[in-house]
Amino acid sequence: MDNISGASTAPFSVGSILGRTWNTMRQNPAAYLGLTFVVSLLAMVINIGLNLLSLNIGNPNMGSLLGSIVSMVLNLMAAGAIVYVAFQHLRGVRVGMKEGLAYAASRIAPLFLAALVLGLGIGIGMILLIVPGVIFACAAVAAIPVCMVEKLGPLDCIRRSMALTKGYRMTIFGAVALIGLAMFALSFLAGIIGMALFSVSVSSPLITFFFVALLSLLFTLVPSTLFSLLTTVIYADLRNMKEGISRESLAEVFD
């Protein structure tokens, strides 16, 4: 099967992982793309507002810091919600953005703490000649699905992901790298087009920035959503291959 709910008949290869991820998204595109778009747009608007507020009070660094924290929390909620929606789909239950975000909100504390540890670990790894950071990122790629499905603490989520991904990290790197390159290329293209369009016709730098950011969001909407789904597909595949647990059985945790 090519979707997340099918048996793992396809090999765990870059192509098969990306294929299952794409097929999963197109089975419920409104929920998946809607989650990414709405949450990203909200984060962008809040970021702009916080930066404007901090400029008015003479402390621009505060706005950037608060904006980063808000964006991180919202993006984690979106990623967690996508995991929830995907696993509910395994049981033939179609849920929307509201249900997904509500469940993700109940797990936001471990999600946030796990993301902080991941960010720190990847950052340190990048300083150490980049390669260790990339390896750690691939090893911990399933941390969010682990947090949502197995309901572990932040450090245990990372340890569990590292155990599941052992032996498959080069394949995971290939899939992640392809989506990451697509996001970078589309974001770069959106920036060029946006600056060319809006810097000429719009006099306000703030309005120009907003429209360039919005254009980048629209251009990268599909690969951003695919990345969140990719972690879910990888997690489900590895549980199936290593532990013999079907994807339908994994979804029963949400009963």
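General remarks:
- Gaussian network model of the chain, Cα within-10 Å springs - most flexible of Leu215, Leu35, Leu76: Leu215
- Distance in nm between pseudo-label sites at Ser246 and Val70 (7 Å out along the Cβ direction from Cα): 4.5
- From its DSSP helices (H runs of at least four residues, each -39,500 (n - 2.57)), the chain gives a residue-normalised ellipticity at 222 nm of -27500 deg cm²/dmol.
- Eigenvalues of the alpha-carbon gyration tensor of the range 90-202, scaled by 5 and square-rooted, set the equivalent ellipsoid semi-axes at 29, 23, 15 angstrom, largest first.
- The range 92-170: relative contact order as a whole-number percent, Cα under 8 Å and 6+ apart: 29
- The chain: relative contact order as a whole-number percent, Cα under 8 Å and 6+ apart: 25
- For the range 10-136, the Cα gyration tensor yields ellipsoid semi-axes of 30, 22, 13 Å (square root of five times each eigenvalue, largest first, whole Å).
- Gaussian network model of the chain, Cα within-10 Å springs - most flexible of Ala86, Ala31, Ala196: Ala196
- Taking every protein chain into account, the accessible area of the chain amounts to 47 square angstrom per residue (probe 1.4 Å).
- Highest-fluctuation residue, Pro132, Pro154, Pro11 considered, GNM on the chain with Cα pairs under 10 Å: Pro11
- Nonpolar atom fraction for the chain, defined as the carbon and sulfur part of the 1.4 Å probe accessible area, stands at 73 percent.
- The relative contact order of the range 112-229, computed from alpha carbon pairs under 8 Å that lie at least 6 residues apart in sequence, is 19 percent.
- Whether the range 117-182 is rounded, prolate or oblate, judged on the alpha carbon gyration tensor where a/c under 1.5 counts as rounded: oblate
- Think of the chain as a dipole: +1 on every Lys or Arg Cβ, -1 on every Asp or Glu Cβ, centred on the Cα centre; then among Gly34, Leu128, Val117, Leu128 lies furthest on the positive end.
- Span from the the range 230-248 Cα centroid across to the the range 42-100 one, whole angstrom: 27
The values are calculated or read from the model by the stated rules, or taken from the named source; none is laboratory data. Fair warning: this is a prediction, and the values are worked out from it, not measured in the lab. Heads up, the Cβs are rebuilt from the backbone with ideal geometry, glycines too, and the neighbour counts pull from every protein chain shown. Heavy atoms of the whole protein, side chains included, go into the accessibility calculation; ligands, DNA and RNA do not. Shrake-Rupley method; radii C 1.70, N 1.55, O 1.52, S 1.80 Å.
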